[in-house]
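One structure is given below, encoded as structure tokens.
The values are calculated or read from the model by the stated rules, or taken from the named source; none is laboratory data. Note that this is a predicted model, so its numbers are computed, not measured. So basically every Cβ, Gly included, is an ideal-geometry build from the backbone, and we count neighbours across all protein chains shown. Heads up: the accessible areas ignore ligands, DNA and RNA and are worked out on the full protein's heavy atoms, side chains in. Shrake-Rupley method; radii C 1.70, N 1.55, O 1.52, S 1.80 Å.
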Amino acid sequence: MAATEVSAPQAGTRSSTPRPGARRTRTPRTFEQANRRLKWAMLAPALLFVGLMIVFPLAFTLDLSLTDAFGAVNADKRHIGLRNFTDALGDTRRFWPAARRTLVFTVGAVILETVLGLALAMLMRKPFRGMRLVRTVLIIPLLATPVAIGILWLLILDPTNGIANHLLEGLGLPRQEFLGSVSQSLPMLMLIDVWQWTPMMTLLLLAGLSTLPEEPEEAALVDGANAWQRFRYVVLPMLGPTLATALVLRAVDALKTFDILYATKGAGGGSDFEVETLNVYAYGLTFDYQEYGLAAAVLVLFTLFIIGVVVVLRRRGGGKNA
């Protein structure tokens, strides 16, 4: 039997047999790459649409704030730099009082809503008879629009025929002007806002309480802690992230309040601008005085103000939760 000759590999040619210990090159995962590319391709139209809807209004408003636009948005206008911003910041008659009212309204309403919402959430934490009915009644203020609620309370608080003054007279108390008074209008609108939005804070905090573990509170109870101590040192720290999120959401929403103010007090926030916030002020500049450049500058400053409030709340919330 003839012996087979094995020819040696020629110089310059590579052997098809992998050498021992040689690293194999990984083939690209074509399916995963295609899936990743397809995911971004599917998301691209939505991201582009959302980006345009956010970027274009902001850019247009910022550009408008640097012009002397008056009478019509598309009328001839020229860029005047930061003059609108200096005029707004130097307006001690309308701008700064409106900014102060915005802050007072937001801080007062949000604090009351948080305290009442947390108290109601703690009361509703444990199941009780009629809990479903109570929760259903609780969310009724959230079902109506702010304009409808404003008109409703406008009728209730009417100085002449409102039911509120009839109740006060029945209790032997003097009649009040309520929304017809310059000094009482803002506090009454804060209470109306509290009546409408406390249920939302209650539901948010109740959802947060339902996710808390029971073991730490039970351990504190075994150690002899009373109800206040368990709430202060056990429940409240664990509820911190949910409470911070609820505060940010509600504070931003309260800062933007407009419809209920306009429905109850009309243009300018009343005869003496008693409830004129930055939103109402910007609306009046736009549609009553047609000073579009100045109104855009006020809105830019208002946006920066809201961003500043959110940053402060998030930092304080993060510091407490750390």
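With I111, I140 as the choices, which residue is among the β-branched types (V, I, T) and either more than 30 Å from L212 (Cα to Cα) or surrounded by 11 or more Cβ atoms within 10 Å (Cβ to Cβ) (or both)? Steps first, answer last, please.
Values: I140 fails: either more than 30 Å from L212 (Cα to Cα) or surrounded by 11 or more Cβ atoms within 10 Å (Cβ to Cβ) (or both).
Only one candidate qualifies: I111.
Scan L243, L221, L212 and give me the residue that is outside any helix (DSSP H, G or I) and either open to solvent by 50 Å² or more (accessible area, probe 1.4 Å) or farther than 30 Å from I156 by Cα (or both). Steps first, answer last, please.
Numbers: L243 fails: outside any helix (DSSP H, G or I); L221 fails: outside any helix (DSSP H, G or I).
The unique qualifying residue is L212.
Among R250, R315, which is the only one that is farther than 15 Å from D87 by Cβ, of a type in the set (K, R) and without any contact (Cβ under 8 Å) to a residue 60 or more places away in the chain?
Details: R250 fails: without any contact (Cβ under 8 Å) to a residue 60 or more places away in the chain.
Going through R250, R315 in turn, just one is farther than 15 Å from D87 by Cβ, of a type in the set (K, R) and without any contact (Cβ under 8 Å) to a residue 60 or more places away in the chain: R315.
Hey, L168 hits all of (1) more than 31 Å from the chain's Cα centre (by Cα); (2) open to solvent by 70 Å² or more (accessible area, probe 1.4 Å) but one; which does it fall short on?
(2)
Among the numbered criteria (1) at positive phi; (2) surrounded by 11 or more Cβ atoms within 10 Å (Cβ to Cβ); (3) modelled with pLDDT under 90, which one does F178 miss?
The single condition F178 does not satisfy is (3).
Return yes when V312 is open to solvent by less than 40 Å² (accessible area, probe 1.4 Å) and either aliphatic (A, V, I, L, M) or out of contact with any strand residue (DSSP E or B) (no Cβ under 8 Å at 6 or more places or on another chain) (or both) and no when it is not. Don't jump to the end; show me each part of the working.
On the way: open to solvent by less than 40 Å² (accessible area, probe 1.4 Å): no; either aliphatic (A, V, I, L, M) or out of contact with any strand residue (DSSP E or B) (no Cβ under 8 Å at 6 or more places or on another chain) (or both): yes.
Taking the combined requirement at face value, the residue does not satisfy it.
Do we have T264 as open to solvent by less than 40 Å² (accessible area, probe 1.4 Å), assigned to a helix (DSSP H, G or I), at pLDDT 90 or above and not charged (D, E, K, R) here?
Working: open to solvent by less than 40 Å² (accessible area, probe 1.4 Å): yes; assigned to a helix (DSSP H, G or I): yes; at pLDDT 90 or above: yes; not charged (D, E, K, R): yes.
The answer is yes for T264.
Table: residues versus (1) open to solvent by 100 Å² or more (accessible area, probe 1.4 Å); (2) at pLDDT 80 or above; (3) more than 30 Å from R83 (Cβ to Cβ); (4) not charged (D, E, K, R).
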| site | (1), (2), (3), (4) |
| --- | --- |
| M1 | yes, no, yes, yes |
| T4 | yes, no, yes, yes |
| Q10 | yes, no, yes, yes |
| T25 | yes, no, yes, yes |
| L38 | no, yes, yes, yes |
| L48 | yes, yes, yes, yes |
| L58 | yes, yes, no, yes |
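Starting from segment 174-194, keep only residues that are without any contact (Cβ under 8 Å) to a residue 40 or more places away in the chain, then list their pairs with residues that are of a type in the set (D, E) and assigned to a helix (DSSP H, G or I) whose Cβ atoms are within a distance under 7 Å, requiring at least 6 positions of separation or different chains.
Sorted first by the residue in segment 174-194, then by its partner, the pairs are R175/E169.
Hey, any hits in segment 118-135 for a residue that's in contact (Cβ under 8 Å) with a residue 12 or more places away in the chain, part of a loop (DSSP other than H, G, I, E, B), surrounded by 14 or more Cβ atoms within 10 Å (Cβ to Cβ) and basic (K, R)?
yes
So, in segment 167-206, of the ones that are in contact with a Gly (Cβ under 7 Å, 6 or more places away or on another chain) and not hydrophobic (A, V, I, L, M, F, W, C), which residue ends up nearest to A263 (Cα to Cα)?
The residue in question is S185.
Going through F287, F273, F231, F302 one at a time, which residue ends up being loosely packed, with under 15 Cβ neighbours inside 10 Å and at pLDDT 90 or above?
Within the list F287, F273, F231, F302, the selection yields F287.
Condition first: at negative phi and touching a helix residue (DSSP H, G or I) at 6+ places or on another chain (Cβ under 6 Å). Now tell me which residues in segment 268-287 satisfy that. Walk me through it before giving the result.
Applying the first criterion (at negative phi) to segment 268-287 yields 271-272, 274-287.
Once the filter is applied, which keeps residues that are at negative phi and touching a helix residue (DSSP H, G or I) at 6+ places or on another chain (Cβ under 6 Å), segment 268-287 yields E274, V275, E276, T277, L278, V280, Y281, A282, G284, L285, T286.
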